[in-house]
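Notes for the one structure printed next.
The values are calculated or read from the model by the stated rules, or taken from the named source; none is laboratory data. Since the model is a prediction, treat every value here as computed from it, not as a measurement. Every residue, glycine among them, receives a Cβ derived from its backbone with ideal geometry; neighbour counts consider all protein chains shown. For the accessible areas, the whole protein counts, side chains as well, though only heavy atoms, and no ligand, DNA or RNA atoms are used. Shrake-Rupley method; radii C 1.70, N 1.55, O 1.52, S 1.80 Å.
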Amino acid sequence: MKITREEKQLYKLLDVVNKIFGKTDERTTICGNNNSLYFHTLGYCGVFISKANDETLVDAYDFETYFYELKQLPNKSFVLDVIQCDVTDDTQLLYYGTLDFISNRINSKQWLLEMEKDYDHKISKIAATSNKWIKDDDISYLKMFLQCDVYSSGDSLIFKGDDENCTIYLIMTGSIVIPDAEDSTQLKLEAIEQGSNVENSKIGIIEPIEQNNAQKGSKEEIESTYDYDDPMA
């Protein structure tokens, strides 16, 4: 499946996914579920949900139930190549686990605020409302939304964009920092103030350790902090 700039919203999302995947050495997963396309890697996940509309280039996208590999062509168009794999217990676990992992977060979301693309203080506004901070680099991912609603969901922040053609959810999980968890900078300041030696440490969100290949490698048993299973467990 080839996606050009004319297919604006899916193209913008795939551009974000491509950048996120390019910055990680962890396992990456893209899979379809009829009119929805899911992606997941350590710290980030989301879904594109296509709507049938007479004005779109196609009535609605059909991603069927395949795993995909994302590629970018020299002309900057994207290609979703189907990954041919045997139907095994492991691939079934990965597929349905990915869908459930993302859907459970979306289903438990709580609305926080509405955000416009041209708002100048996104990070501070999100932090003041949610008590959660996102990375400076991650704010660029929100440029794909002209307007989005921001939600909290457990350890995650969810950004939802919606128009007549599609709904997009971008979910940040392990990249979120809770200010109540002392980071190394805060510990250094306390060490100076108290005149004591404090070991630098960073307490962040516990996220599953993932393999680098979506179809290869064994599944490691990990301790989950959620009421539902991580597909990478």
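Per-structure values
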| quantity | calculated |
| --- | --- |
| Verdict on ASP90 being part of a helix (DSSP H, G or I) and at negative phi | yes |
| Residue selected from region 1-38 under the condition basic (Lys, Arg), surrounded by fewer than 17 Cβ atoms within 10 Å (Cβ to Cβ) and part of a loop (DSSP other than H, G, I, E, B), by the criterion modelled with the highest pLDDT | LYS23 |
| Every pair of residues 6+ apart whose Cβ atoms lie under 6 Å, when the first sits in region 20-48 and is closer than 17 Å to LEU142 by Cα while the second is among the aromatic types (Phe, Trp, Tyr) | ILE20/TYR44; GLY46/PHE39; GLY46/TYR169; VAL47/TYR38; VAL47/TYR169 |
| Of all residues in region 126-181 being in a loop (DSSP other than H, G, I, E, B), buried (at least 17 other Cβ atoms within 10 Å of the Cβ) and in contact with a strand residue (DSSP E or B) (Cβ under 7 Å, 6 or more places away or on another chain), the one that is modelled with the lowest pLDDT | SER175 |
| Residue list for region 153-176, filter: under 19 Å from GLU7 (Cβ atoms) and either polar (S, T, N, Q) or under 13 Å from the mean Cα position of the chain (by Cα) (or both) | ASN165, THR167, ILE168, TYR169, LEU170 |
| Count of residues meeting criterion [farther than 15 Å from LEU10 by Cβ and under 17 Å from the mean Cα position of the chain (by Cα)] in region 67-100 | 9 |
| Lone unmet requirement of (1) surrounded by 18 or more Cβ atoms within 10 Å (Cβ to Cβ); (2) over 24 Å from ASN165 (Cα atoms) for ARG105 | (2) |
| Residue match in region 60-71 (condition: open to solvent by less than 10 Å² (accessible area, probe 1.4 Å) and either in contact with a His (Cβ under 8 Å, 6 or more places away or on another chain) or at pLDDT 95 or above (or both)) | no |
| Residues located in region 61-87, provided they are in contact (Cβ under 8 Å) with a residue 12 or more places away in the chain, of a type in the set (D, E, K, R) and in a strand (DSSP E or B) | GLU69, ASP81 |
| Residue check for THR185: modelled with pLDDT under 90, surrounded by 13 or more Cβ atoms within 10 Å (Cβ to Cβ) and of a type in the set (Ser, Thr, Tyr) | no |
| Those residues of region 84-95 which are loosely packed, with under 15 Cβ neighbours inside 10 Å and either modelled with pLDDT of 90 or more or more than 19 Å from GLU69 (Cβ to Cβ) (or both), in sequence order | ASP89, GLN92 |
